[in-house]
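J.: Provided herewith is a single structure, encoded as structure tokens, for subsequent inquiry.
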Amino acid sequence: MRREPSTPRPDWDATIRAQGLVYVDTELPDGGIMSYWDETAAYAFELDEVLRLEEATEELHRMSVAAAEHIVARNRYAEFGIPAWAAEAVARSLRESPPNLYGRFDLWYDGTWPPKLLEYNADTPTSLVEASIVQWYWLEHTHPEADQWNSLHERLVGAWAKIGAGLHDPRVHVVWSEEEESGEDQITAGYLAETARQAGLDVTLMPIQRIGWDGRRFVDADDRPITTCFKLYPWEWMLAEPYGPPALEPGTPTTWIEPAWKLLLSNKALLAVLWELHPGHEYLLPAYLDSPRGMTGYVAKPLLGREGASVRIITEGAEIANPGIYGDEGFCYQEFRALPEFAGNHMVLGSWIVDGESAGVGVRESASLITDGYARFLPHYIDAPRVG
């Protein structure tokens, strides 16, 4: 893997907005505007390298699912901050294997082997439209002879078709929260709705705030029952709200995607359980729940919360990033591994999984040691001729 300078297309800004990247503008602390999409550089991968990273991604997913089974079998919900009243519903969800769609591993990777797991965004991962659509069209415009590690669109349509084959009602509701103001959640939900339509499903797209409860079931704004619902809305938020308990009741006739057991994979406590089950594994960093256990450099990650910057980096006893930006919830203490630096930028590799299979990658860079709200997305290509 290498980082290469690239000449931006003359009409790149209008092009990516037309492709759905309406959340491209990032406001800086000084009031200036930075573009989230960055095609002044691109990452080039070798084909053999991509194949190995795909295998690593799928192995990490298998390990994570096995860890969820271990957590349920050992009744370790309290370590994940999951309330006791929700435990049986999470266990039932895992036991019954309802449909699940996708996730994204954030990996440390500098071009040498092995990659290291930083976290698993398994419930509500975003940065999907740019990884699936926008960078593919960038490839078509700039490197038409090359390939890309990107089968996201095809795999999402295939996964929806598989889900649809098991439904007695082909209608699927896709929801997001109106409280997210950048437009990213709405566009992501809209894109996922389109992949479901292409799979032959009857899709209703709506804000989650418009879901109603008639005393027996969830209904949409037209009082139609919501039998299958993809929600771009984290389970930990749902559990904290009044409709959380009925959402998990066994008599409530709604199948949620992602299912409730994904709570266990999107929680940072998973990192500690994985290290406990696989100590010394080449894809993992040491991680613990009780304390840093003598690590001189570590990251304190809140157990709950979507992708964000509310972490603390401590080295040699001093906080070097985000001092004081954290809540009162529990933490996972993971060994600090500085993100790889390329041309003064810190890079993280987002490796996607769809229906249990590796599906593509997105590269983000930040000036900070933390991939925060000021990160930029850079396209990539495989340094080999396109097949097919």
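J.: Is it the case that some residue within the stretch 16-24 is exposed (fewer than 13 other Cβ atoms within 10 Å of the Cβ), within 23 Å of Tyr137 (Cβ to Cβ) and modelled with pLDDT of 95 or more?
T.: yes
J.: Restricting attention to the stretch 62-77, which residues are part of a helix (DSSP H, G or I) and either of a type outside the set (Gly, Ala, Ser) or exposed (fewer than 12 other Cβ atoms within 10 Å of the Cβ) (or both)?
T.: Arg62, Met63, Val65, Glu69, His70, Ile71, Val72, Ala73, Tyr77
J.: Restricting attention to the stretch 28-56, which residues are of a type in the set (D, E, K, R) and surrounded by 12 or more Cβ atoms within 10 Å (Cβ to Cβ)?
T.: Within the stretch 28-56, Asp38, Glu39, Glu46, Glu49, Arg52, Glu54 qualify.
J.: Here is a follow-up. List pairs: first residue in the stretch 204-220 and over 20 Å from Thr188 (Cα atoms), second residue buried (at least 17 other Cβ atoms within 10 Å of the Cβ) and of a type in the set (D, E, K, R) anywhere in the structure, Cβ distance under 8 angstrom, at least six positions apart or on different chains.
T.: These pairs meet every condition: Gly212/Asp220.
J.: Would you mind stating whether Pro234 is assigned by TED's automatic domain parsing to the domain that holds Ile133, surrounded by fewer than 16 Cβ atoms within 10 Å (Cβ to Cβ) and under 20 Å from Arg92 (Cβ atoms)?
T.: no
J.: Here are the criteria: (1) at pLDDT 95 or above; (2) within 25 Å of Thr195 (Cα to Cα). Tell me which single one Val90 does not satisfy.
T.: The single condition Val90 does not satisfy is (2).
J.: Are there any helices (runs of 4 or more DSSP H) wholly within the stretch 78-165 with 2 or more residues that are out of contact with any His (no Cβ under 6 Å at 6 or more places or on another chain) and over 30 Å from His380 (Cα atoms), and if so which?
T.: Working: elements: 84-96, 135-142, 152-165.
Output list reads 84-96, 152-165.
J.: Mind listing whichever residues of the stretch 290-343 are modelled with pLDDT of 60 or more, of a type in the set (Gly, Ala, Ser) and either outside any loop (DSSP other than H, G, I, E, B) or in contact with a Lys or Arg (Cβ under 7 Å, 6 or more places away or on another chain) (or both)?
T.: Gly297, Ala300, Ala318, Ala343
J.: Okay, moving on. How about the stretch 92-118: which of its residues are among the charged types (D, E, K, R), over 9 Å from the mean Cα position of the chain (by Cα) and closer than 30 Å to Ala247 by Cα?
T.: Passing the criteria: Arg92, Arg95, Glu96.
The values are calculated or read from the model by the stated rules, or taken from the named source; none is laboratory data. None of the values given here were measured: they were computed from a predicted structure. Cβ coordinates were reconstructed from backbone atoms using ideal geometry, including for glycine residues, and neighbour counts include every protein chain displayed.
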